[in-house]
Every structure is written in C-alpha cells, then in structure tokens.
Ligand SMILES: [Zn+2]
C-alpha cells in the first residue's frame, strides 16, 4: 500500500515536472515569453534614429504600461499581436486592429492596388520625416499606436497590433489581410502627413469613397465614412490641432484590400514645423491616443443606434 502511494506520488511529480518543462519550451518559442519580459521595460522602442544635431529629441516620458489589464492573448505569426479585452466588459467582443503605418525599411516590391487590380504599387514605404525634428514617421506612428493600444485595453477593447517594433516587413496588402482575418470591428491606420507646401498643417482622416471599385471595400463605405468623421472630430478636440477634414480616396492599397470599416488618421504634417514639433512631444502623442479612442467610443455608440433603428423598422 505504502509503496503504491509513494510510486503514485513520484509519478505525479514526474508528470508535473514534464508539464512545466513543456510549458517553458512552448512559451519560449511562441513569443509570449519575450512579450512578458518586454513588458518590464518602460520603453521598448528604439529611439536611436531620432536625433537633431547629435542629440536625442525625445525624453523617455512614454506612459508605462499600467499592468492593470490582464493579458490573455497570444502572439500570432510573430507579427500581429492579440490582446483580449476585459472579461465581462461590453467592449470585449470589439476587435480593433491597429496598423502603425510604414516601417523602418520600405519594400519596393510591387503588389496590386486592390483585389484583382492591374495597377501595382510598392508594398510599403518608410514614410516621411519631420522637417524640424527629423523624427521618422514610422516611429512616430508606432509611438502613438502603442499608447492607443494601452488606452483601448483600459477601455476593455480587444486589440490586435500589426507591429510593435519598427524593424518589420509587412506590406500594406498583408496588413489589411490581418484586419480581415480578425474581422476587425474597426481597422485604424495611423500616419502623419507630408506635403510640398510647408504651410499646410492640421489633421485629416481618410476613407474609401462610395464608388470604390472593390466591392468588399465599397460595402463598408457608410461605416468607414462615419468612423473617419468621428475619429477626426474627437482627435482634433482632444489634441487641439487644426482640422483639415475627411478625405475620400480610392488609391490606398491598405484601404482597398480592407473588408472591414477602416480609416487612416493623418495626425498632422511632418512637413510643417509647428505640427512636427507638436507631434514630437509626449503630451501630444498621449492626447492623440485618447482622441482616437474617444472617436472609436463615439463610433460604436453610433453603430448601436443604427442597429436599434434598423430593428425598430422591421
Ligand atoms: Zn504615412
């Protein structure tokens, strides 16, 4: 009897040890391990390329992840990263896919401008650069995107990040396909503008037009249009930046491939000195994230009123 119990005990210990070992191996290979470690550092973003005259322009004042939100998701494909929303929250089933526009190195390989399109465009570029600060657009976009991620998680949304580092290679078509794969309730693409006229300033949002030639994209015109409008309103109200207005464009690869409601947020003009300097501040980036989140809240309130109006009509 005693020997059998002891044997059983050892067997249990052996199984427990094996499970522990397997878990450790699984964690280290799926990226979750790396993610857990990386949360301990307050600023995982490489700022070495953001310099004026040899000095770093940005203080390390980025908001530290609060840790109040429990992470229950897992890394996918090593590129997009999924955060599950707060349990029991009303936003848990709303998936926001965030695309921090561009990346450190562009790719001049070509891809179709939309499903079945003959027109080809470069897969992805590195974006523009601050005329005064020299800040890189891809890095600015990521900084705001990370703050938006944390803000949305705080509000209970589920969030998918298309990238969390600058050194990636994901084309605009592939980014849209990630949003499609998750059936995103909103696909938010974060950018900063640049123009030959240095006086041009302020924020704008972009959606497809009602006559977008790609049916799956055109189908979401009413939602994208409303999303673009509400995000711009809240973004400008929160940041205080001038309002350029909503643009409708059908030549953006990442929009044309999107089968979900989407908008591009052009936060300001890097070609304009005051916009550039403003966007280089931690204050602006935090307000930008809150503004976009407010726009998303407003969008889902609108969506609910649409749904109840429809059900009342039937
Ligand atoms: Zn851009």
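Please work out whether region 96-224 counts as rounded, prolate or oblate from its C-alpha gyration tensor, where a ≥ b ≥ c are the square roots of the eigenvalues and a/c under 1.5 means rounded, while otherwise a/b larger than b/c means prolate and anything else oblate?
rounded
Once you put a point 7 Å from the Cα of residue 13 and another 7 Å from the Cα of residue 181, both along the Cβ direction, what distance in nm separates them?
Here the modelled spin labels are 4.4 nm apart.
How much length would be gained if the chain were fully extended between residue 154 and residue 93, taking 0.36 nm per residue of separation minus their Cα-Cα distance, in nm to one decimal?
20.5 nm
Which distance in Å, rounded to a whole number, links the C-alpha centroids of region 278-314 and region 181-209?
First find each Cα centre; the distance between them is then 15 Å.
So for the pair residue 209, residue 273, with labels modelled 7 Å out along Cα→Cβ, what separation do we get in nm?
So the two model labels end up 3.7 nm from each other.
Expressed in whole Å with the largest first, what are the equivalent ellipsoid semi-axes of region 55-313 derived from the C-alpha gyration tensor as the square root of 5 times each eigenvalue?
Equivalent-ellipsoid dimensions as semi-axes: 25, 22, 19 Å.
How would 206, 292 line up from fewest to most surrounding beta-carbon atoms within 10 angstrom?
Ordered by Cβ neighbours within 10 Å, fewest first: 206, 292.
Going by how many other beta carbons lie within 10 Å of each one, how would you line up 246, 131, fewest first?
The fewest-first ordering by Cβ neighbours comes to 131, 246.
Run the quick spin-label model on residue 306 and residue 219: label points 7 Å from Cα toward the beta carbon, then report their separation in nm to one decimal.
Each label point lies 7 Å from its Cα, and together they span 1.4 nm.
What is the order of 181, 13, fewest Cβ neighbours within 10 Å to most?
Ascending Cβ contact count within 10 Å gives the list 13, 181.
What fraction of the DSSP beta bridges in region 55-313 is antiparallel, stated in percent and rounded to the nearest 5?
Here the share of antiparallel DSSP bridges comes out near 40 percent.
What is the gain in length, in nm to one decimal, between residue 108 and residue 196 on full extension, counting 0.36 nm per residue of separation less the C-alpha to C-alpha distance?
Extending this stretch completely gives an extra 29.4 nm.
Since every read-out is calculated from the coordinates, none of them should be taken as a lab result. Here the structure is a predicted model, which is why all the values come from computation and not from measurement. With ideal geometry, Cβ positions are generated from the backbone for all residues, glycine too; neighbour counts draw on all protein chains shown.
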